[in-house]
Every structure is written in C-alpha cells, then in structure tokens.
1. Just for the chain, what percent of DSSP beta bridges are antiparallel, to the closest 5?
2. Quick check: the distance between the Cα centres of segment 101-149 and segment 78-97, to the nearest angstrom?
3. Cα centroids of segment 196-260 and segment 1-48: how far apart, whole angstrom?
4. Using label points projected 7 Å from each Cα along Cα→Cβ, tell me how many nm separate T66 and S179, to one decimal.
5. What is the distance in Å between the Cα centres of segment 308-327 and segment 161-191?
6. Pull out the extension gain between L121 and Q46, defined as 0.36 nm times the separation in residues minus the alpha carbon to alpha carbon distance; nm, one decimal.
7. Return a single number: how many Lys pairs in the chain, at a sequence separation of 8 or more or on separate chains, have alpha-carbon atoms below 19 angstrom apart.
8. Note down the relative contact order for the chain as a percent, whole number, built from C-alpha pairs under 8 angstrom at least six residues apart.
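The values are calculated or read from the model by the stated rules, or taken from the named source; none is laboratory data. For clarity, every value in this text was computed on a predicted model and none was experimentally measured. Here the Cβ positions follow ideal geometry from the backbone for every residue, glycine too, while neighbour counts run over all protein chains shown. Accessible surface is based on the protein model in full, side chains and every heavy atom, while ligands, DNA and RNA are left aside. Shrake-Rupley method; radii C 1.70, N 1.55, O 1.52, S 1.80 Å.
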Amino acid sequence: MVAKAVGVVVTGMGAMTPVGGTVAQTWNELVEGRSGITVLDQPWAQELPVRVAGLVAADPATLLSTREYRRMDRCGHLALVASREAWAQAGRPAVDPDRLAVVVGSGYGGLGTVVSQVRNLDTGGPRRVSPHTLTHMMVNGPSAWVSIDIGAQGGARTPVSACASGAEAIAQGVEMITSGAVDVVVAGGVDACVNELAISGFAQLRALSTSNDDPAGASRPFDRDRNGFVMAEGAGIIVLEREDFARARGAEILGRIAGAAVTSDAGDIVAADQAIQHRVMQKALTAAGLSGSDVGFVHAHATSTPVGDLLEAGAIAAAVGGDVPVTSTKSMTGHLLGGAGTLGAIVTIQALRTGLLPGTLNLENPDPKIDLNVIKTTTGCAGSKTAITNAFGFGGHSTALVIAAA
C-alpha cells in the first residue's frame, strides 16, 4: 500500500508511555534524556531470565471510571486514555458519525487477560473464568472502545502487524481520508505485554536485553554493546483530518502526513529484509513527492537488537544517506510493540514543531559497522521540514511515514 497523503493533517495527539502519562510529559522526559525502564519487582517476575521493562508512568485506574476500568483489558485502558487526550487537543471535532472512523492497531491485544484467565481456569476451573474474558482479549477491543467513546460509525479497524501495527494504522487512516470515505480518523497503536508469558516468549527467542542490573542502560540502539530490546507497554494516538475540513473548523494543525507506505517482506517470519526496508522508505518518499535529500532527520525503528539495528541502518543510509541525523527514542521508552510506530510519529511531529530532536540514550560505543549520523543527545533540528519514521514487525511487516511540518 502506498498512500499519497496530500491534504491529511494531524490535529491532536495523545500518549501513555513509560516516561509520561501525556504527550507533554513524554516529550519533556525524552528531551531531557531520561529513561523510563525499571526493574520488575512483582512476584511473578522473580523467576524470569529478564526482569527489566517499561511500565506506563501514569495509572489508568485514576484516569477512567470504575466501570470503564473493569470492562476492558489494560490494552484498552491505555488506548482510551491516550485517545481522549488526542481528541481533546483536536477540539472534539463536530463531524458526521458516518464520516468519522477509528483505526487502532495492536500486536497482541488483551494478552494480559489471556494470561490471568488461563491461570484462573487452571487453579479454579471454568467457573473462575471472568465473563468479560472474550471482550477483554479481543485484539480489536481498543479500537472498538475508542469508537464507542467518540461515536465513530465510519469504521473501527484494527491492523494486527506486530510492531508495525501503530504506524500501519496511521497509513490506513490516511488512505481512508484520501479515498474520500471519511473526514476524520482517530488512529494509533497500543500494546500491554509486560507479563510473564510475553517476556518468557521473547526471552526464549533471545530478543530481549538481559541487563537486569542496569535497567536505564539496557536499551541501547546502534551501540556496539546492545544485546536486545526492552519490553514496554504504552499507547500512541493521533487525530487525522482532511485539511480543508480541519481549516474550515479553525483547528490548529500540528503536522502533516505527507506520505505513507506499507510493504511485506514475504520472506522469514522473524528476520528482516534490508532491501524491503529501504524500499518502503523510498515508496513513502515517492508518495510524498520527495527524495532522500529532502529529509531532515529519521526516527528509526531501532529496537536495540544486534541484527535488527544493523539492517535498518543500512536501509536508512541507502534511502537518505549517512549524514542525516538519526535517533531512536526506544533507548528511553523501551519497545511499545504495537504502540511504537505511533509514538514514533508523535515524536517526529513534536521535533518538527519545536526544533528539538531527542537523542539516543546509552550510545556510548557506536557500532563501527553502522555508518549513520546517530545523535546521542537532544539536538536542534529547526531547519527540518520533513522527516521519516519507521516501524517494522515480525512477519515482515514494514511501514514508513513521511511527516512534514505544519
């Protein structure tokens, strides 16, 4: 899929991350270079080989009603809180419900519910299983709850493309608007997988950092000593609008989605394809009517895995050259899985708005095999007009978004 996003603007943003319960809080911590990774002290984590992760900085129980909190999985909690922040910033657009849609992606949906309810089944039998189990575990649950909250009747979609889910949700939202199907889309991604099943599974794949004694230093994208990603939970949501619709109602435009592309490797279920990663960036640039020389900076997917970072670095260099500033804020937040791509878009928009690009924490010994201009600390980017943010997921899912300043 390639979407020419002429006339698609962003008017609202919301986030729940390990460094902040709002976009403003998250942004401040990223600019200051603070890590949100902590040691897991819960009883269930003590026997795990990996005991570091990123938990959201705000308690959703304090931000939702008791009824709302009980009716959905933590994945739904995070998405609903972030969507309300984004919707409020957008000014709660008065739009025909049939012209309003929601696209919220997730890699694993209510996995926490699956873990807890299987435990209930094993220890107490069928009658101990919650009647809310199925609605809590649905991967489309967050999208459905957000659509109910704002009354969206133009569709409630759920791209499930692992760690590319949130970015692909934005691409789908752009496509819906440019096709003329809707005027406004609430789009984003979420995952809440900090539990024993997800951590054990990724640990068995040898994908996670084992730096249990150094949580803040565990995630180190592009560093020579990186040894895996850090599991984190969180949500990122943005409000997309047709530009003339947004202008007619006097909305503040935060940024533009200039181009989007989605590809599939059609190769290995886990290993990435560098050529395809290069191609998806090139397709997004073509959709935006731009070339690599127009890009001011890149917010990389870069999760801190030995192989993944190296492959993406080569793809970035091929697409935009080796001198363009590159950063990965997963060094501070960890990997939000399905929420990562949308958080990357939010960071990119904030950088274009403020002229500040957060650096890559823990880049103490840059990998000599990586020939990129990876920035270590917050750097000025005031001259940048466009940027790329990447999101890649297991299954060969690749998404690139070209974002332009307002």
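1. Values: 45 of 63 bridges.
Around 70 percent antiparallel, to the nearest 5.
2. 23
3. Going from one Cα centre to the other spans 6 Å.
4. The answer from the label model is 4.3 nm.
5. 25
6. Working: separation 75, 0.36 × 75 = 27.00 nm, distance 2.28 nm.
The L121-Q46 span can extend by a further 24.7 nm.
7. Summing the qualifying lysine pairs gives 4.
8. On the way: 1152 pairs, mean separation 99.1, N = 406.
Relative contact order for the chain comes out at 24 percent.
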